[in-house]
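Coordinate-derived values only; no laboratory data. Remember, predicted model here, so these are calculated numbers, not experimental data. Here the Cβ positions follow ideal geometry from the backbone for every residue, glycine too, while neighbour counts run over all protein chains shown.
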Amino acid sequence: MKTKYQEIASLVLTGEAFGQLQIIENAALVVEDGKVVFAGAQHGAPDADNVVSLAGKCVIPGFVDSHSHLIFGGERSEEFAHRMAGTPYSSGGIRTTVRATREASDEELRENARRLIAEFYSSGITHFEIKSGYGLDVETELRSLKIAREFTEDVTFLGAHVVPEGVERKEYLASLTGEMLEGAKQYAKWIDVFCDRGAFSTEESREILEAGIASGLKPRMHSNQLENQGGIQLAVELDCASVDHCTQLSAEDIASLSGSNTVATLVPGAEFSTKSPYPDARRLVAAGVTVALATDCNPGSSFTTSMPFCIALAVREMGLTPDQALWAATRGGARALRNDRGTLEVGSNADFVVLDAPNHIHLAYRPGVQLVSQTYVAGELVFER
Ligand code: NIG
Ligand code: FE
């Protein structure tokens, strides 16, 4: 069955190059068997069995969220309130969530993730990665990864989030690179480490990531959020698909990223929620670095499921143009996961979003407004308002 979405006020197609968009006015998108079979000017569109008018609306590729922590118990609103009153953010808060996650049943963890994924759909996210990292013992890390695998193929083992309470550092590193990793590789595709103050050193991060790579996992990193420990060089050296946060970057860090295949994933929700200065995305863009935007949805440092909110912050606070921000949240996220999503070219998955707006600039221009009116994954409606 072929469906034609027509009279689209603006259809946004993402190009190969960073920030490159092609915008087609009075366009049509034709979908068959979950795939895009036509995307272009309406006058050239083929006939279809079903015709839907999207007059006055904008259609964009679904957002690809390459960084989320959806498997956890509890919440930390009190910690947020303290931060807003001046208490600085620290990695120690992770342990609060670890306690609640260990206590939660599988069904509670699954239900929480399901609720957040419904929010993802309502914000236009059609593909997402999920990390473990709030179990930090063999049993709870593996439970978390197993549940994450029910929702996405992009599952990341983040046992190296912090050293849990009551465990010797050396002993934990041995478990991370031994028994925990051995179990994790059944479910995870990626290995991640929080290389930062209060988490893991660059040397420890190397040891953990190299063990993961030797077990067949692909590396990615959290780095340079709180402090610059030299994690960017390690990310580039190990060919990490992405290095995330990048709040504190030196000129050398930017130079190493620019000659690499490692995406710099910016997570403005974390700066917002930790009251930290935003990184200047323009420095990265000027150096030719590929930039992605992600929600980093987690109960501590960035409890948002809204990619439009991240886009608005990236435009207002990080200096991306609306075109660059849209690209970073679609094709950029896909690059950070090394897949070919985030585009509506013929043959790709029909993952797309209908905005109640004449163009994509409205995502930043109308912050906090629910502009997503429908979200489709492989041609199936997953959200409608
Ligand atoms: O991406 N930076 C490390 N991990 C999460 C925060 C974890 C937490 O505070 O619970 C992040 O910001
Ligand atoms: Fe994170």
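Structural remarks
- Dipole magnitude of the chain about its Cα centre (Cβ charges: Lys, Arg +1; Asp, Glu -1), debye to nearest 20: 560 debye
- Most fluctuating residue given options F272, F200, F309, as computed from a GNM of the chain linking Cα atoms under 10 Å: F272
- Computed with the Debye formula from one identical point scatterer per Cα of the chain, without solvent, the log10 of I(q)/I(0) at q = 0.06, 0.07 Å⁻¹ comes to -0.22, -0.30.
- Across all Cα pairs in segment 103-157, the calculated P(r) in 5 Å bins from zero up to the longest distance comes to 4, 20, 29, 26, 14, 6, 1 percent per bin.
- Charged neighbours of R341, selected by a Cβ distance under 15 Å, balance to -3 (K, R count +1; D, E count -1).
- For segment 42-171, the fraction of C-alpha pairs farther apart than 18 angstrom is 63 percent.
- Local charge for Q233 was computed over the other residues whose Cβ lies under 13 Å away, with Lys and Arg +1 and Asp and Glu -1, and equals -4.
- Three semi-axes describe the equivalent ellipsoid of segment 217-348; taken as square roots of 5 times the Cα gyration tensor eigenvalues and ordered largest first, they are 20, 19, 14 Å.
- Label-zone membership for segment 85-118, site S77, 7 angstrom Cα→C-beta point, backbone N under 18 Å: 85, 97, 100, 112-113, 115-116
- Among 88-98, 344-354, the peptide with the highest mean count of other Cβ atoms within 10 Å heads the list, and the full ranking is 344-354, 88-98.
- Taking 0.36 nm per residue of separation and subtracting the Cα-Cα distance, full extension of the segment from Q370 to D356 would add 4.2 nm.
- Listed peptides 37-44, 3-10 appear in the order 3-10, 37-44 once ranked by packing, highest mean of other Cβ atoms within 10 Å at the front.
- Fully extending the segment from R115 to E165 would add 15.1 nm, taking 0.36 nm per residue of separation and subtracting the current Cα-Cα distance.
- Point-to-point label distance, A100-E210, nm (Cα→Cβ direction, 7 Å offset): 3.8 nm
- Placed amide H near K2: partners under 5 Å, 5+ positions off or other chain: D49, N50
- Put simply, when 255-261, 180-186 are sorted by average Cβ atoms within 10 angstrom per residue, most first, you get 180-186, 255-261.
- Seen from P322, the other residues with C-beta closer than 13 Å to its C-beta sum to a net charge of +1, counting Lys and Arg as +1 and Asp and Glu as -1.
- Helix-only mean residue ellipticity at 222 nm for the chain, each DSSP H run of n ≥ 4 adding -39500 (n - 2.57), per residue, nearest 500: -9500 deg cm²/dmol
- Convex hull volume of the Cα atoms of segment 94-225, normalised per residue: 106 Å³.
- Segment 327-353 residues near the modelled Q22 label - backbone nitrogen below 14 Å, point 7 Å along Cα→Cβ: 343-348
- Stretch gain in nm, segment R316-E203, where the contour uses 0.36 nm per residue and the Cα spacing is subtracted: 37.1 nm
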